[in-house]
Amino acid sequence: MEKLTAKEEEVLGFFWDKGPLYVKDIVDLYDEPRPHFNTISTIVRSLEEKGYVAHLQQGKTYQYYALVAEEDMGKKTISSIIGKYFKNSYLRVVSSFVEDGNIPVEDLRRLLDEVEQSQKNKTD
C-alpha cells in the first residue's frame, strides 16, 4: 500500500472513529473554516485509489468506509519505523526506550512474563 499524506491519515482517522461516512459528513467534522467539499472528495478518492477505503453507492452519492483497520495500520507503521530507523531490530527499539527511561525495567520484566505466559498457553 502506498504511503499516506498527513491529510489522508487525518481523514482515514474519521472513518476509524465514526464508521462509514459521506464526504459531506467528513466536511462537517471539521471546525470552521471547513475545507471545501471538493478538497475532501479528492482526499477520499485518493484513499480509495490507494486501497485504504471503498464505497457503496447510495443513490447519486457514495458512502465511504475504511478497508484497513486502525490496529493493522499501526502495526504497519511501527514496522516501517523500526525498519527505517532501527535497522529492523526490535531489540534496539526496546533498548532505546529503556535507556531513555521511557520504559522502566519493572515494566519490561512484566512484559517478558506476559509474553512467556502467552507462549506457554499457545503450546498447551
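Before moving on, here are some points about what is shown:
- With respect to the conditions (1) without any contact (Cβ under 8 Å) to a residue 24 or more places away in the chain; (2) in the same structural domain as VAL11 (by TED's automatic domain parsing), GLY51 falls short on a single one, namely (1).
- Any pair with Cβ under 8 angstrom, 6 or more apart, that starts in region 85-102 at a residue that is assigned by TED's automatic domain parsing to the domain that holds LYS75 and ends at one that is assigned to a helix (DSSP H, G or I) and among the aromatic types (Phe, Trp, Tyr): ARG92/PHE86; VAL93/PHE86; SER96/PHE86
- Looking across region 17-47, just one residue is exposed (fewer than 15 other Cβ atoms within 10 Å of the Cβ) and under 18 Å from GLU2 (Cβ atoms), and that is THR42.
- Set LEU91, LEU108: member being more than 17 Å from VAL11 (Cβ to Cβ), among the aliphatic types (A, V, I, L, M) and surrounded by fewer than 11 Cβ atoms within 10 Å (Cβ to Cβ): LEU91
- Single unsatisfied condition, THR39 versus (1) among the polar types (S, T, N, Q); (2) part of a helix (DSSP H, G or I); (3) in contact (Cβ under 8 Å) with a residue 12 or more places away in the chain: (3)
- Region 48-57, subset under 14 Å from ALA69 (Cα atoms) and aliphatic (A, V, I, L, M), residue surrounded by the most Cβ atoms within 10 Å (Cβ to Cβ): VAL53
- Subset tally (residues that are in contact with a strand residue (DSSP E or B) (Cβ under 6 Å, 6 or more places away or on another chain) and under 21 Å from ASP72 (Cα atoms)) for region 22-53: 3
- One residue stands out among those in region 51-102 that are in a helix (DSSP H, G or I) and small (Gly, Ala, Ser): the one that is farthest from TYR22 (Cα to Cα), which is SER95.
The values are calculated or read from the model by the stated rules, or taken from the named source; none is laboratory data. Quick caveat, the model's predicted, so the values are computed rather than measured. We place every Cβ from the backbone using ideal geometry, glycine too, and count neighbours over all the protein chains shown.
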